[in-house]
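Some notes on the structure that comes next.
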Amino acid sequence: MQGKVLVAFATRYGATAEIADRIGGVLRREGLEADVVPAGRVKGLAGYRAVVLGSAVYIGRWRKSAARLLKKHEDELAGMELWLFSSGPTGEGDPEKLTGGWSFPKKLKPVAERLRPHDTALFHGAIDSKKLNFLHRWMIGKVEAPAGDYRDWDRIESWAVQIAEELRGGQGQTAGK
């Protein structure tokens, strides 16, 4: 299979980096070449056939480096296989219900709609209160987000396996493209 998969991510405290690492590991286990790179370090997309891009979510927004990558490389991404994910809500239950129906940053929706990713996933996140700065502890308290690790690793791995199956299947630009 030609071309590698780029798994790019933006994180503040490391939980989203761990999700990206797990996705990259599953893709490699499934026989694909995958690089896991912080979004802010991505200079170009040459050599990649697909991109999985994700970000931690704060107040309904992606981290700047992930948003910048999506916008800056829109033309390149338009010709590639693309999957997007967000991580953030904590607590038990469906992540979209926990966010009041939020599934993707409003300001980035026009770009995502033009790119028509195969899938846009919202995963539970993790909050370690000991790692938070004062402002983030205050914000988390205001929205009453429970601390703890709520990431659903089975769901994340299953999502990554689906990506691998689509890429291995040579289905090209299927879902939505």
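For every residue, the table says whether it meets (1) within 16 Å of Ala121 (Cα to Cα); (2) at pLDDT below 95.
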| position | (1), (2) |
| --- | --- |
| Val7 | yes, no |
| Arg29 | no, no |
| Gly40 | no, no |
| Val51 | yes, no |
| Trp62 | yes, no |
| Leu77 | no, no |
| Gly88 | yes, yes |
| Glu92 | no, yes |
| Ser103 | yes, yes |
Legend entry - Pairs, first without any contact (Cβ under 8 Å) to a residue 60 or more places away in the chain and surrounded by 12 or more Cβ atoms within 10 Å (Cβ to Cβ) in the range 140-160, second assigned to a helix (DSSP H, G or I) and of a type outside the set (D, E, K, R), C-beta under 8 Å, six or more apart: Ala147/Ile140
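Any chance you could count how many residues in the range 70-104 are in contact (Cβ under 8 Å) with a residue 60 or more places away in the chain and either under 12 Å from the mean Cα position of the chain (by Cα) or assigned to a strand (DSSP E or B) (or both)?
The number of residues fulfilling the criteria is 4.
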Inset, instruction - Could you please give the count of residues in the range 39-57 that are closer than 19 Å to Val26 by Cβ and not small (Gly, Ala, Ser)? - result: 5
Legend entry - Residue within the range 38-49 that is in contact with a helix residue (DSSP H, G or I) (Cβ under 8 Å, 6 or more places away or on another chain), surrounded by 15 or more Cβ atoms within 10 Å (Cβ to Cβ) and aromatic (Phe, Trp, Tyr) present: no
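Within the range 50-62, which residues are more than 11 Å from the chain's Cα centre (by Cα) and open to solvent by 10 Å² or more (accessible area, probe 1.4 Å)?
So the first thing to find is which residues in the range 50-62 are more than 11 Å from the chain's Cα centre (by Cα), and the list is 50, 58-61.
Those that are more than 11 Å from the chain's Cα centre (by Cα) and open to solvent by 10 Å² or more (accessible area, probe 1.4 Å): Tyr58, Ile59, Gly60, Arg61.
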Inset, instruction - Specify the residue that is least open to solvent (accessible area, probe 1.4 Å); the eligible residues are those in the range 78-120 that are over 17 Å from Gln162 (Cβ atoms) and basic (Lys, Arg). - result: Lys109
Inset, instruction - Quick one: count up the residues across the range 2-33 that are without any contact (Cβ under 8 Å) to a residue 60 or more places away in the chain and farther than 30 Å from Leu132 by Cβ. - result: 6
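For the range 34-67, which residues satisfy the criterion of being of a type in the set (Val, Ile, Thr) and either in contact with a His (Cβ under 8 Å, 6 or more places away or on another chain) or farther than 27 Å from Leu132 by Cβ (or both)?
So the first thing to find is which residues in the range 34-67 are of a type in the set (Val, Ile, Thr), and the list is 36-37, 42, 51-52, 57, 59.
Those that are of a type in the set (Val, Ile, Thr) and either in contact with a His (Cβ under 8 Å, 6 or more places away or on another chain) or farther than 27 Å from Leu132 by Cβ (or both): Val42, Val51.
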Inset, instruction - Check Arg151, Arg168, Arg155 and return the single one that is under 19 Å from the mean Cα position of the chain (by Cα) and farther than 20 Å from Ile59 by Cα. - result: Arg155
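The values are calculated or read from the model by the stated rules, or taken from the named source; none is laboratory data. All values reported here derive from a predicted model rather than from experimental measurement. No Cβ is skipped: glycine too gets one built from the backbone with ideal geometry, and neighbour counts run over all protein chains shown. Note: accessible area is taken over every heavy atom of the protein model, side chains too, but ligands, DNA and RNA are not part of it. Shrake-Rupley method; radii C 1.70, N 1.55, O 1.52, S 1.80 Å.
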